[in-house]
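**Student:** Let me give you the structure first, and then I'll get to my questions.
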Amino acid sequence: MGSSLGRLVQMLSAGFSNQQQAFDNPPLYAHILVKFRPLPQLESGSLLLEQSYAINPAAPYRIRVLRAEQQGEGLIIHNQALHEDQRFWGAVDDPAKRAAITAEDLRSLEGCAYVVHETSAGFSGEVEPGCRCMVERKGALSYLVSSFELTDRGMRTIDRGHDPTSHEQLWGSLAGPFEFERTEDYSHELPADWLAA
């Protein structure tokens, strides 16, 4: 893994919480937990993502397998869904469940990869262009516009869903990005060969 790619995977392998932001602005921000754990049995750069409300961490509203890789001069994070994902709820904190995830459980999400750039403080990324990352929410289909900034301290994210025809925003933050602080570090779980230059 090249040095930029190694740094990205190390910085992502962590737990994050926006507890302070949620306490400061309860009408605008729910308290959310985001965790990324390495999946050494899968392709190099594969991480399990679980995103849940702090009041119910056992039922994540988003569970994905992300895979970071070098592509030409840049970095990309592939976004993959899990077949029958409820089988793996809680795997982010359960080593046996994590180890049970295989390549056959994964389904690639077309148009949903993140294009990532290195910055002076860390990394930034946004969903690939083309409005092809389709998400169903509350019975309506929308395309995802999403971006993140990752630093040693934490992560800022913003996700919004837009109507495929009118491009009007249907859901997502109106008050600005979610501000997550790093609460746990899982980088010690990364296989050494993933980090080798």
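**Student:** Do you know which residues across the stretch 104-128 are out of contact with any strand residue (DSSP E or B) (no Cβ under 9 Å at 6 or more places or on another chain) and either part of a loop (DSSP other than H, G, I, E, B) or surrounded by 12 or more Cβ atoms within 10 Å (Cβ to Cβ) (or both)? Explain how you work it out, then say what you get.
**Tutor:** Pass one, the stretch 104-128, residues out of contact with any strand residue (DSSP E or B) (no Cβ under 9 Å at 6 or more places or on another chain): 104, 120.
Listed by number, the list holds a single entry, Ser120.
**Student:** Something else now. Would you point out which residue out of Arg37, Arg87, Arg98 is closer than 21 Å to Gly125 by Cβ, of a type outside the set (S, T, N, Q) and either at pLDDT 95 or above or not in a loop (DSSP other than H, G, I, E, B) (or both)? Reasoning before the result, please.
**Tutor:** Numbers: Arg87 fails: closer than 21 Å to Gly125 by Cβ; Arg98 fails: closer than 21 Å to Gly125 by Cβ.
When all the criteria are applied, what remains is Arg37.
**Student:** Being at positive phi and touching a residue at least 24 places away in the same chain (Cβ under 8 Å) is the filter here; which residues of the stretch 83-110 pass it? Walk me through it before giving the result.
**Tutor:** Of the residues in the stretch 83-110, the ones at positive phi are 84, 90.
Of everything in the stretch 83-110, just one residue is at positive phi and touching a residue at least 24 places away in the same chain (Cβ under 8 Å), namely Gly90.
**Student:** Which of the numbered conditions does Asp85 fail, given that it passes all the others? Conditions: (1) within 19 Å of Phe180 (Cβ to Cβ); (2) among the acidic types (Asp, Glu); (3) over 15 Å from the mean Cα position of the chain (by Cα).
**Tutor:** (1)
**Student:** Yes or no: Tyr143 buried (at least 17 other Cβ atoms within 10 Å of the Cβ) and within 28 Å of Ser3 (Cβ to Cβ)? Don't jump to the end; show me each part of the working.
**Tutor:** On the way: buried (at least 17 other Cβ atoms within 10 Å of the Cβ): yes; within 28 Å of Ser3 (Cβ to Cβ): no.
So Tyr143 does not fit the description; no.
**Student:** Given the conditions (1) out of contact with any strand residue (DSSP E or B) (no Cβ under 7 Å at 6 or more places or on another chain); (2) open to solvent by 30 Å² or more (accessible area, probe 1.4 Å); (3) of a type outside the set (Phe, Trp, Tyr), and given that Ala22 satisfies all but one, which numbered condition is not satisfied?
**Tutor:** (2)
**Student:** Could you go through the stretch 152-164 and let me know if any residue there is aliphatic (A, V, I, L, M) and either open to solvent by 40 Å² or more (accessible area, probe 1.4 Å) or closer than 18 Å to Leu8 by Cα (or both).
**Tutor:** Restricting attention to the stretch 152-164, the residues satisfying the condition of being aliphatic (A, V, I, L, M) are 155, 158.
Narrowing the set further to residues that are either open to solvent by 40 Å² or more (accessible area, probe 1.4 Å) or closer than 18 Å to Leu8 by Cα (or both) leaves 155.
The answer is yes; a qualifying residue exists.
Residues are listed down the side, and each one gets a yes or a no for (1) at pLDDT below 95; (2) within 14 Å of the chain's Cα centre (by Cα); (3) hydrophobic (A, V, I, L, M, F, W, C):
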| site | (1), (2), (3) |
| --- | --- |
| Val116 | no, yes, yes |
| Phe123 | no, yes, yes |
| Glu136 | yes, no, no |
| Gly139 | yes, no, no |
| Tyr143 | no, no, no |
| Leu150 | no, yes, yes |
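**Student:** Moving on. Go through the stretch 167-191 and report how many residues are among the aliphatic types (A, V, I, L, M) and over 25 Å from Pro129 (Cα atoms).
**Tutor:** Residues flagged as among the aliphatic types (A, V, I, L, M) and over 25 Å from Pro129 (Cα atoms) within the stretch 167-191 amount to 1.
**Student:** Across the stretch 129-175, which residue is farthest from Ala30 (Cα to Cα) among those that are basic (Lys, Arg) and part of a strand (DSSP E or B)?
**Tutor:** Of all residues in the stretch 129-175, those basic (Lys, Arg) come to 132, 137-138, 153, 156, 160.
Now restrict to residues that are part of a strand (DSSP E or B): 137, 156, 160.
On the way: Arg137: 17, Arg156: 14, Arg160: 15 Å.
Restricting to residues being basic (Lys, Arg) and part of a strand (DSSP E or B), the top hit is Arg137.
**Student:** Which of the residues that make up the stretch 48-68 are modelled with pLDDT of 95 or more, assigned to a strand (DSSP E or B) and over 12 Å from Gly15 (Cα atoms)?
**Tutor:** Scanning the stretch 48-68 gives Tyr53, Ile63, Arg64, Val65, Leu66, Arg67, Ala68.
Residue-by-condition table, conditions (1) out of contact with any strand residue (DSSP E or B) (no Cβ under 7 Å at 6 or more places or on another chain); (2) open to solvent by 30 Å² or more (accessible area, probe 1.4 Å):
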site: Leu47; (1), (2): no, no
site: Glu50; (1), (2): no, no
site: Asn56; (1), (2): yes, yes
site: Arg64; (1), (2): no, yes
site: Gln71; (1), (2): yes, yes
site: Ile77; (1), (2): no, no
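The values are calculated or read from the model by the stated rules, or taken from the named source; none is laboratory data. Note that the structure is predicted; figures quoted are calculated from it, not measured. Backbone-built Cβ (ideal geometry, glycine too); neighbour counts: all protein chains shown. The area values use the complete protein model at the heavy-atom level, side chains included, leaving out ligands, DNA and RNA. Shrake-Rupley method; radii C 1.70, N 1.55, O 1.52, S 1.80 Å.
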